[in-house]
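The values are calculated or read from the model by the stated rules, or taken from the named source; none is laboratory data. None of the values given here were measured: they were computed from a predicted structure. Counting neighbours? That spans all protein chains shown, and the Cβs are built from the backbone with ideal geometry, glycine included.
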Amino acid sequence: MGHNHHHHHHSKIDDSSIWKLWVSIFLNLGITLAQVIGGLISNSLSLLSDAVHNFNDSMSLVTTLVTKKIAKKGATSSKTFGYKRAEIIGAFVNLITLVIVALFLIKEGIERFFVPETIDGLTMFWVAMIGLAANLITAALLWKNSKDDLNMRAAFIHILADAISSVGVIIGGWLIIKYNWYVVDAILTLLIGSYILWHSYHMLREAIEILMEAKPDNIDITELTTSMQSVDKVCDVHHVHVWRLDEESTLLESHIVIQKEDLHLMEEIKSAIKKVLHDEYHITHSTLEFEFEPCSAQDHQVVHQHEHHH
C-alpha cells in the first residue's frame, strides 16, 4: 500500500513536467515562427539566427518529452536495451542539421558585415521583445522541475541561453532604430551562429563517441583491469570491453580467469568484481565470462619453451 502511494506520487511529478514541456514546446515554436516572419520582413539575419536557435531548443524539448515517454516503455524482446539509443540517433541527426544551418548563417553574416543591408529596426526590436517574453515564461515554467531532473535542467539552460540572445537582438534593434548601425545585425548573427556551432560541436562529439561504442573518457582500461585483477582469487582478466549505451549507462564485458579449485566460489568472486565495477566506475551492467586454468600455467609454458630451446 505504502509503495503504491509513493509510486502514484512519483507519476504525478512526472505529469506536471510533461504538461509544462508541452506548453514550452508550443511557446517556443510560436516564437520561432514569429522570428522567421519578422526576420524576413525586417531583413534581419540575427532574428533568423535566433529563430534557428529557438527551433533547436524546441527540438531539444521534444526530445526530452519523447525520452520521458519512451523511458516509461522500457525494453522489448527485440530492443533488449530499451529505446535509449533512439535518443542519441535523434540528437545526432538534429545536430548535423544544426551545424549546416549555423555555417550558412555565419557565411551570410560575414558577407553582410562587409556589405551591410538596410534593416527595419522597429520590427526587429518588437519581434525580439516577444521572443524574450516567451522565453522568460518558459524558463519560469521549467524552473521548478529543473532542480531534480537532468533533462529538464538541460532544457532550462537552453531557454536561458535563448533569452540572452533575444536580449542581444533587442539591443541590436534599438541601435538600428536610433543610429542606423546596420552592421550590428551582422555581428549578432556571427555571435549567435558561432554559439550554435560551438554548442553543437561538443554534443556531436559525445553522440558520435556513444554511437561508435567508444569507451567513456573518464575510464582508464588499464586501471580498470588492474582493479578487477586485484579482487581476491582472480588470476587474470582479459578481453575487457567498455562502452556506453547512452549518456547514463556504461556497460562492460570481460573474461575472468580463476583456478579450477575455486569453482565453488565463482558467485562470490563475481559479486566482488561487480561491486568494484559499480562502486569505483559506476558500471551498472556487466557480463563476466569465467575461465579456468591454473594461475601459473602461462608462466610454466614460457619456462618450458625456454628450457627446451636451451
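A few notes on this one:
- Residue match in the range 293-306 (condition: in contact with a helix residue (DSSP H, G or I) (Cβ under 9 Å, 6 or more places away or on another chain), at pLDDT below 90 and over 18 Å from Pro216 (Cβ atoms)): yes
- Residue that is in contact with a Phe, Trp or Tyr (Cβ under 8 Å, 6 or more places away or on another chain) and over 30 Å from Thr97 (Cβ atoms), where the choices are Leu224, Leu245: Leu224
- Residue count, the range 102-148 (criterion: closer than 19 Å to Ile187 by Cβ, surrounded by 20 or more Cβ atoms within 10 Å (Cβ to Cβ) and within 23 Å of the chain's Cα centre (by Cα)): 1
- Of the residues in the range 229-250, none is of a type outside the set (Val, Ile, Thr), surrounded by 15 or more Cβ atoms within 10 Å (Cβ to Cβ) and closer than 22 Å to Leu132 by Cβ.
- Residue match in the range 190-198 (condition: over 22 Å from the mean Cα position of the chain (by Cα), outside the structural domain of His241 (by TED's automatic domain parsing) and in a helix (DSSP H, G or I)): yes
- Taken over the range 273-297, the criterion of being under 26 Å from the mean Cα position of the chain (by Cα) and in a helix (DSSP H, G or I) is satisfied by Leu277, His278, Asp279, Glu280, Tyr281.
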